[in-house]
Amino acid sequence: MQETYYTVEQIAQMLHIHPKTVQRYIREGKLRAVKVGKGWRVGGHDLSVFTEGEAAERGETPTAVVSCVVDVFAANQAVAIRIVNTLTAGLNSKPAGYGQCSMQTQYIPQERTLRVTLYGGARVTAAMLDAIAALTEEPEENA
């Protein structure tokens, strides 16, 4: 799936704010962007995270925020990639009312460990932890 990128001007039109305000958000680190030539580009995911954060500041989402690090045994990088892809799909398809959540992942081959860092609302983080539990549970033996 290809990431969509937006210019400062496009974001200003979508959010009904001045382009200089968008540039200020980028400069202050409130809106993640990459420099392409002389202009800035913002990924669709980063724009979503930013707009959900703005909604939180207006009191439209719960104020509880959770951060956690989960180390998952992954026999090899292929297993780690499968887990990350499944978690990413779940995060991208979460209900709107769950609030924002960001996820960072790192596979540590020497330890055969996938490190998942979650930061976000309590409901979505709990759902992500449930997904990790479901993906890593041992199958039950048939009696």
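The values are calculated or read from the model by the stated rules, or taken from the named source; none is laboratory data. None of the values given here were measured: they were computed from a predicted structure. Glycine gets a Cβ as well: all are built from the backbone with ideal geometry, and neighbour counts include every protein chain shown.
I'm trying to understand the selection: among the residues of the stretch 23-38, which are surrounded by 11 or more Cβ atoms within 10 Å (Cβ to Cβ) and assigned to a strand (DSSP E or B)?
Matches in the stretch 23-38: V34 only.
So, in the stretch 1-22, exactly how many residues are surrounded by 17 or more Cβ atoms within 10 Å (Cβ to Cβ) and not aliphatic (A, V, I, L, M)?
Looking only at that region, the number is 1.
Note down all Cβ pairs under 9 Å where the first residue falls in the stretch 10-32 and is among the aromatic types (F, W, Y) and modelled with pLDDT under 90, the second is surrounded by 15 or more Cβ atoms within 10 Å (Cβ to Cβ) and in a loop (DSSP other than H, G, I, E, B), and they're at least six residues apart or on different chains.
Y25/L31; Y25/A33
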